[in-house]
1. For a distance above 15 Å, tell me the whole-number percent of Cα pairs in region 83-132 that qualify.
2. Once label points are set 7 Å from the Cα along Cα→Cβ at both His99 and Gln81, what is their separation, rounded to one decimal in nm?
3. Tell me the net charge near Ser23. Cut-off is 12 Å between Cβ atoms, Ser23 excluded, with +1 for each Lys or Arg and -1 for each Asp or Glu.
Amino acid sequence: MIRYSLVCEAAHGFDSWFPSSESYDAQAERGLVTCPICESANVTKALMAPNVARSDRGQHPVPVATQAEAPLAMIAEPERQVRAMLLALREQVVANSEHVGTRFPEEARKIHYGEAEGRSIYGEASPAEARALIDEGIDVAPIPIMPDDRN
């Protein structure tokens, strides 16, 4: 069984279990995966952290933060919806583009000027490099860094 964090077109986030990733794909393609809040069938996988099994459990207990120690953040519903949409955007870009890392400005230029095959790419560029690409007429857009990306 595999658990996916999902988000609908209205940015409602929810989790669902599937026997396999192929099962999710088949059900989603047939419109059987729907949002429990608005019943939309336009659902995508959201970014999520993997659940990693540990082999050292029981040997060195990991202290659990008490409620008083755990940092809390109050996020209003509109911000939750925006974050869900940004996460869906990021997932879409990552799933359908090639990561070129710090070579992004050079690769974008090569594609724009026909020196490399046309394809979707993403990577890193400084604000000055991004501005230079835009000034050259090369279409680029930033992908926002989410707070969870820094953890």
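Readers should treat all values here as calculations from the given coordinates under stated rules, not as data from a laboratory. Only a predicted model underlies this, so the values are computations on that prediction, with no experimental measurement involved. Ideal geometry is used to build each Cβ from the backbone, glycine not excepted, and the neighbour counts take in all protein chains shown.
1. 52 percent
2. 3.1 nm
3. My count for the surroundings of Ser23 gives -2.
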